[in-house]
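A quick write-up on the structure given underneath.
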Amino acid sequence: MALFKDKKKGFLSGLFSAFSGVDEDFLDELEERLILADAGVETAEAAVEALRREKGLKGAAVQERLTQILTQEMEQAGSPALQLDTKPAVIIMVGVNGVGKTTTIGKLAMLFGGQGKKVLLCAADTFRAAAAEQLGIWAQRTGADIVRHGEGGDPGAVVFDACAAAKARGADIVIVDTAGRLHNKQNLMNELTKLTKIVGRELPGADCEILLVLDATTGQNGLIQAQQFAAASGVTGIVLTKLDGTAKGGVVFSIARTLGVPVKLVGVGEGVEDLRPFDAREFAEAMLA
Ligand SMILES: Nc1nc2c(ncn2[C@@H]2O[C@H](COP(=O)(O)OP(=O)(O)O)[C@@H](O)[C@H]2O)c(=O)[nH]1
Ligand SMILES: [Mg+2]
């Protein structure tokens, strides 16, 4: 599993070789490492409490039990599977500037294109001309179609056109890029309500994932901001980017607990292949490896 790149070890690696089994020293070390890795105090305490009940566990059994506990922590927010069963299905990507929305769209276009799906990109970030250009480059690289308007245009109008184009051209997946200026809850909700209404009207019954993109390197700070709108705005999943740039992957736990929305995808680099479906069990194993 290449979640922790460049042979970087998981933040709990080596924990087991230093201790012979579950005792108070082990639990202290575990709690500290989880907190240092941005897992949050609540998760750290919950994991330690669950293990404290199993004193006497030794060796491989400790690792297996801890893997289970951490997996459950991550799974509490729901299934990580993308629900995109209709034709077309829609993904709307939201999040503040610089977190990796457009890059993730490029990676998804590559992934779905590789599965033989017809992908249509929608440049609803009309705030800067450069944003549509960046998306255009991804369309070229991945062979996806793109619908774009001029700078300063109405994002709703671009989404409307993309829906019409998706029907006319038989697209399988429409991926909508949005502006990163939606930094407050009200703006984001207004925009999302508007865009999802248009999708609902133009593509009735279509599956629609609203993915909130978070930068893992911002750790707990990014979370506080995300917490403001995740639950209220109908976000269906989290994309956690730049996991390769931090040794603090523990933020995944905080997301499950504080946002109550499942992590669905993780970004592990700038390259087009550097996107992974999120698998809690695999992630827990990588942390402990
Ligand atoms: N290391 C790393 N960089 C990433 C990842 N995802 C995006 N980036 C970089 O983050 C920067 C901002 O990305 P962009 O997609 O333009 O963000 P946007 O403003 O949300 O659309 C770019 O330099 C990307 O290459 C990732 O998973 N890992
Ligand atoms: Mg962008």
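Rule-based calculations on the coordinates, nothing more; no lab input. Remember, predicted model here, so these are calculated numbers, not experimental data. Please note: Cβ atoms are built from the backbone with ideal geometry, for glycine as well, and neighbour counts cover all protein chains shown.
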Return the sequence-ordered ³J(HN,Hα) values of region 136-153 in whole Hz as given by the Karplus equation 6.51 cos²θ - 1.76 cosθ + 1.60 applied to θ = phi - 60°, using x for Gly and Pro. x, 5, 5, 4, 4, 4, 9, x, 7, 7, 9, 10, 9, 10, x, 4, x, x
Using the structure shown, list the pairs from 55/248; 118/167; 107/242; 101/167; 87/167 with a Cα-Cα distance above 20 Å, or answer none. 55/248; 101/167
Note: region 113-204 at 10 °C, 1.306 mPa s; Kirkwood Rh on alpha carbon pairs; Stokes-Einstein D in µm²/s works out to 119
Of all DSSP beta bridges in the chain, antiparallel share, percent nearest 5: 15
Can you list the residues, at least 5 places off or on another chain, whose amide H is less than 5 Å from the amide H of residue 278, using H built in the peptide plane? 265, 266
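What is the extension gain from residue 168 to residue 130, computed as 0.36 nm multiplied by their sequence separation minus the C-alpha to C-alpha distance, in nm to one decimal? Kindly include the intermediate steps, with their values, before the conclusion.
Values: separation 38, 0.36 × 38 = 13.68 nm, distance 2.72 nm.
My answer for the length gained is 11.0 nm.
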Mean shadow area of the chain, taken as a quarter of the surface of its Cα convex hull (nm²): 14.5
Quick one: what are the phi-derived ³J(HN,Hα) couplings along region 122-134, Karplus 6.51/-1.76/1.60 with θ = phi - 60°, whole Hz, x for glycine and proline? 10, 8, 8, 8, 9, 5, 10, 4, 4, 5, 5, 5, 4
In Hz, Karplus ³J(HN,Hα) per residue of region 98-106 (6.51, -1.76, 1.60; θ = phi - 60°; x = Gly, Pro): x, 6, x, 4, 5, 4, 5, 4, x
Between residue 83 and residue 45, 0.36 nm times their residue separation minus their Cα-Cα distance comes to what? 10.4 nm
Scan the chain and report its longest stretch carrying no GluC sites (Glu not before Pro) that are both in a DSSP loop and have at most 14 other Cβ atoms within 10 Å. 152-269
